[in-house]
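The values are calculated or read from the model by the stated rules, or taken from the named source; none is laboratory data. Bear in mind the structure is a predicted one, so any value in this text is a computation, not a measurement. Positions of Cβ are backbone-derived with ideal geometry, glycine not excepted, and every protein chain shown enters the neighbour counts.
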Amino acid sequence: MDRPIRVLVAKPGLDGHDRGAKVVARALRDAGMEVIYTGLRQTPEQIVAAAIQEDVDVVAMSILSGAHNHLFPKVVNLLRGEGADDILVIGGGVIPDDDIPGLKDAGIEAIFTPGTATSDIIYFINNNLKR
Amino acid sequence: MNIEERLLAGDKRACARLISMLENNDREAFELVKKLYYKSKGAYVIGITGSPGSGKSTLTDKLTKVLRKANKKVGIIAIDPTSPFSGGAILGDRIRMNDLSLDKDVFIRSMGTRGSLGGISKATRGAVRVLDIFGCDYIFIETVGVGQSEIDIVKTADTVVMVMVPNMGDDIQAIKAGTMEIADVFAINKSDLDGADKTKLELEMNLDLNEEKSYRPPVLKVAAGKNQGIEELIMSIMKHKRYLEESGELKNRRIRNNKQELIELTQDELIRIIMEKAVEKDLLDKLAKEVTEKNLDPYTAKDTIVNLIRS
């Protein structure tokens, strides 16, 4: 069925920098996706509640505060707890290379660090949807 | 459990999925709603409309919190525009309502207009039905930011709240036709800014000219960001609700709205059937070419297409 891909773009944690998230949101919009933008300082619980109510295909999170090792896996686990493991979870932000394998093991399927072309993110989403 | 049982049991995932299916014109969703329709209780539907940036989402957030204090279950459908170019959208109303995300008796859903120009989307009425079956007592529909003529909300809501801001034009704007005519309640938001009293006066002077005397839309000054005037606004909405119920107008209004919906559903289905046949026969392109080359007039071409329904 021809339907737009729905993506939740969220900023978990306490950093107040959402320029990157907005650039990504805009790029996804231009790629024909419906982007639900929830803004700054979201708890993992809020992100998961929004993802469920919005019936999204993808949760895309951005963190610049350094709390990614805690917050990203928490979102994945809460989604699994809700039986929503068919939602693709991706992350971005200032994330050290050494942390990436651990995050992928925890169920964050891709990590996009500064300098990533938005077209790479779009390509990844289009090719890795779980439903 | 299947999606029907889960929806009736109050499962938010089931509710969300059924709304998506309706948005995507999934035939299975129509079959489900056919069965579940009789379970709906007739939730009260409040439309929140007004220009972009007037504070509709913030106001909806605050109104919902008042209804939650009275332990009412609330559904919110928030609509933002779909790009006519990419088909994508930024749905950003939720950002003003994040406190409500975790409330088990609040359900918020963002929708793109997906081509509709009347301020809501085609699937909005379907989503209202689903939220009603889900057990909501009140449902807010927050329209896209409107200009002067997007009035589909009046065909869907029981009470329409028009959100204004001070200094958006003079008293001539207040007497214009269109969106200004459909309000049951006017809320002048950001009324801590200069000019709110003048805007209120202009609206009141226009309302003085209404011929309908049995109900006069109130004009309230509110400041949603500062939580001012919210209780009064809820009281005004409830007063309108009581007026509709006691006068019998609520039923008339709902019959009128359902009639409108039936017309639109029938139109969509007929057009879908005819266009499927026309595309199949490559007729549309052929006729358009003939009309352009003046071998055929547009009305005869239309007759040819409409006659397909009989074939």
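I'm trying to understand the selection: among the residues of the stretch B:1-18, which are of a type in the set (Lys, Arg) and over 16 Å from B:Ile76 (Cβ atoms)?
Within the stretch B:1-18, B:Arg6, B:Arg13, B:Arg17 qualify.
Can you list the helices (runs of 4 or more DSSP H) found entirely within the stretch B:1-72 that contain at least 3 residues being farther than 30 Å from B:Ser191 by Cβ? Let's see the steps before the verdict.
Working: elements: B:3-8, B:12-23, B:27-36, B:56-69.
Result: B:3-8, B:12-23, B:27-36.
Would you say B:Gly145 is within 11 Å of chain A (Cβ to nearest Cβ), touching a Pro at 6+ places or on another chain (Cβ under 8 Å) and closer than 28 Å to B:Gln260 by Cα?
no
With the checklist (1) of a type in the set (D, E, K, R); (2) crowded, with 19+ Cβ neighbours inside 10 Å; (3) in contact with a Leu (Cβ under 8 Å, 6 or more places away or on another chain) in hand, flag the one item B:Asp152 doesn't pass.
(3)
Please name all residue pairs, on different chains or six or more residues apart, with Cβ atoms under 6 Å, provided the first residue is in the stretch B:1-28 and is among the acidic types (Asp, Glu) and the second residue is crowded, with 16+ Cβ neighbours inside 10 Å and not in a helix (DSSP H, G or I).
Short answer, once both residue conditions are applied: B:Glu23/B:Ala123.
In the list B:Lys277, B:Lys286, B:Lys241, which residue meets the criterion of being in contact (Cβ under 8 Å) with a residue 12 or more places away in the chain, in a helix (DSSP H, G or I), not hydrophobic (A, V, I, L, M, F, W, C) and not assigned by TED's automatic domain parsing to the domain that holds B:Lys155?
Answer to the check: B:Lys277.
Name the residues in the stretch B:52-67 that are within 20 Å of the chain's Cα centre (by Cα) and of a type outside the set (D, E, K, R), would you?
Answer for the stretch B:52-67, where residues must be within 20 Å of the chain's Cα centre (by Cα) and of a type outside the set (D, E, K, R): B:Pro52, B:Gly53, B:Ser54, B:Gly55, B:Ser57, B:Thr58, B:Leu59, B:Thr60, B:Leu63, B:Thr64, B:Leu67.
Within the stretch A:22-47, take every residue that is in contact with a Gly (Cβ under 8 Å, 6 or more places away or on another chain) and in a helix (DSSP H, G or I) and give me the one that is nearest to B:Ser121 (Cα to Cα).
The extreme case among them is A:Arg29.
Table: residues versus (1) under 30 Å from A:Asp2 (Cα atoms); (2) more than 17 Å from the chain's Cα centre (by Cα).
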{"position": "B:Gly50", "(1), (2)": "no, no"}
{"position": "B:Lys69", "(1), (2)": "no, yes"}
{"position": "B:Lys73", "(1), (2)": "no, yes"}
{"position": "B:Ala78", "(1), (2)": "yes, no"}
{"position": "B:Phe85", "(1), (2)": "yes, yes"}
{"position": "B:Ala89", "(1), (2)": "yes, yes"}
{"position": "B:Arg94", "(1), (2)": "yes, no"}
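So how many residues does the stretch A:103-131 have that are farther than 17 Å from A:Gly20 by Cα and assigned to a loop (DSSP other than H, G, I, E, B)?
7
Listed here are the residues, each with its yes/no results for (1) more than 14 Å from chain B (Cβ to nearest Cβ); (2) closer than 22 Å to A:Arg6 by Cα; (3) buried (at least 18 other Cβ atoms within 10 Å of the Cβ); (4) touching a His at 6+ places or on another chain (Cβ under 9 Å).
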position	(1), (2), (3), (4)
A:His68	yes, no, yes, no
A:Ile87	no, yes, yes, no
A:Asp98	yes, no, no, no
A:Leu103	yes, no, yes, yes
A:Pro114	yes, no, no, no
A:Ala117	yes, yes, no, no
A:Ile122	no, yes, yes, no
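Here are some conditions: (1) at pLDDT 90 or above; (2) touching a Leu at 6+ places or on another chain (Cβ under 6 Å). A:Leu40 meets all but one. Which one does it not meet?
Of (1) at pLDDT 90 or above; (2) touching a Leu at 6+ places or on another chain (Cβ under 6 Å), only one is false for A:Leu40: (2).
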